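The values are calculated or read from the model by the stated rules, or taken from the named source; none is laboratory data. Note that the structure is predicted; figures quoted are calculated from it, not measured. Cβ placement follows ideal geometry from the backbone for every residue including glycine, while neighbour counts extend to all protein chains displayed.
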Amino acid sequence: MPYQLAILQLSGFNATGTKWSQQDAIGYVANGVSPTLMQQDDVINLLDLQSPDVLLLIADGVSASPAAASASHTVVNYLLQHWSGAGFSSRQLRLAQQYLADTLGRKRQSFGAATTIAALQLSAERFVAINAGDSRIWRLRNGQLQQLSEDHDWQNDSAELKQQTGLAQCYRALTSYLAADSEATDFTLAVTDGALQTGDQFVLTTDGVHDLVTAEELAELFAVADSAAALQQLQKLLLQRGAPDNASLLWLQPVTVGTTAQGNH
């Protein structure tokens, strides 16, 4: 089944109105498509993927760690380059963490560099979604947007805190991520897999998107037929709400044969 992949990436702005450095990294690869990694200030793009075997990746460098941009870039690049073209499991993410520790972890200036990661792999009939941290994977089915990933932070790790609202920001601190440290191997991974249904769409987001836009708003945006218009509306919404963080999104939807992507915007 052919798919259309929609891509949105923004740097976001700090309190003075100047752009943050881009610490998110996104990547995609499909059979017949070269692995592509993006870490740009501002991009909106639509493209066609003809193969049903697809791997999508989205990572958010942990800003409190050193070399956050390098961490997300390194992990996404490793996973893209080492995908066999079929199948995906948590083992690949644990190997990516080992590689991160063996490269950035050996340098004083980048030791401890950390990143979240969310990975989605599709075959002709099934999907697998794996994440560490708070980058999310969603499935849009019959108009309903369901989060397939788990947020690994203090609030969501606690049954008591999970039910509360209005908690201080400290409770959003991450409890799982990939780090450039050979001893940081006990991170948690969430894995969800299942059968595909006709019309299933998938969305990957970093917190710069889902902290500003609700699941209901995302579902409404993705219900429109014009993907380019939906991306432009989302970009406008993020900017209207201040875009205080890096924001990245990958949106994969099946397309009918003969439909073509609309290129760069």
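General remarks:
- Qualifying residue in the stretch 31-49 (condition: surrounded by fewer than 23 Cβ atoms within 10 Å (Cβ to Cβ), small (Gly, Ala, Ser) and closer than 25 Å to residue 222 by Cα): no
- First in the stretch 1-12 and touching a residue at least 12 places away in the same chain (Cβ under 8 Å) and more than 11 Å from residue 250 (Cβ to Cβ), second anywhere and buried (at least 22 other Cβ atoms within 10 Å of the Cβ) and of a type in the set (Lys, Arg), Cβ under 9 Å, 6 or more apart: none
- Residues in the stretch 234-257 that are surrounded by 14 or more Cβ atoms within 10 Å (Cβ to Cβ) and either of a type outside the set (A, V, I, L, M, F, W, C) or part of a loop (DSSP other than H, G, I, E, B) (or both): 235, 243, 244, 245, 246, 248, 253, 254, 255.
- Test: residue in the stretch 174-190 that is among the polar types (S, T, N, Q), in contact with a His (Cβ under 8 Å, 6 or more places away or on another chain) and over 24 Å from residue 38 (Cα atoms): yes
- Qualifying residue in the stretch 103-123 (condition: within 19 Å of residue 5 (Cβ to Cβ), at pLDDT 95 or above and not aliphatic (A, V, I, L, M)): yes
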